[in-house]
Each structure stands twice: as C-alpha cells, then as structure tokens.
1. Please find the FRET efficiency linking LYS69 to GLN5, where r is the Cβ-Cβ separation and R0 is fixed at 25 Å, and quote it to the nearest 0.05.
2. Give me the percent relative contact order of region 4-75, please, defined on Cα pairs under 8 angstrom at least 6 residues apart.
3. Determine, for region 4-75, the count of lysine pairs separated by eight or more sequence positions (or lying on different chains) whose alpha-carbon distance falls under 23 Å.
Amino acid sequence: MKSKQDIAYFLAFCMEQYKHAKGLSGQEVLALFDQYGVLEYLSNHFEVLHTQGVQWIIEDIEEFIKIRKEKEVVAQ
C-alpha cells in the first residue's frame with residue numbers, strides 16, 4: 001500500500017534522476033513537470049512505476065511529455 005511519504009520520496013527520486021539524465025537544474029525539471037502534469041502522472045501510477053528501473057522511468061517520463069506536447073500542438 002502506498003503512503004504519502006513513499007510517493008513523495010518517489011517523486012523526488014524521479015526528479016533527481018531526470019535532472020541528471022537531461023542535464024537540467026532542479027527548477028527546470030520542476031517547471032517542466034508542472035507544465036505537463038508529470039508529478040500527477042507519477043503519483044497516480046506510483047504502484048506500477050516505482051517497481052521499474054531508472055532508465056525505464058526516464059524513458060516513460062520522456063514519452064509522457066512528448067505526448068502532452070503533441071496534444072498542445074493539436075489544440076492550438
């Protein structure tokens with residue numbers, strides 16, 4: 001069962017890993033994740049995602065952002 005603390009640690013972990021993988025600052029990652037709803041996605045799918053490896057999670061985040069960006073373009 002997920003606890004709020006477990007999810008918070010997972011979100012922080014994902015942000016740090018993504019930051020290092022992409023060479024971004026913490027503020028840049030937070031802005032990006034906020035813009036595309038990544039933290040909500042990660043939180044809502046914690047049960048499955050926290051069992052995956054770092055590279056898989058980073059790729060999943062990239063794919064999620066890509067899909068959200070494409071939806072933005074279509075909506076314009």
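A short reminder: the numbers here are calculations on the coordinates, not readings from a lab. This one's a predicted model, so the numbers in the text were calculated from it and none came from an experiment. Note that each Cβ is placed from the backbone with ideal geometry, even for glycine, and that neighbours are counted across all protein chains shown.
1. Plugging the Cβ-Cβ distance into 1/(1 + (r/R0)^6) gives 0.20.
2. Working: 30 pairs, mean separation 25.3, N = 72.
About 35 percent, as a whole number.
3. Working: LYS4/LYS19; LYS19/LYS66; LYS19/LYS69; LYS22/LYS66; LYS22/LYS69; LYS22/LYS71.
For region 4-75, the number of qualifying lysine pairs is 6.
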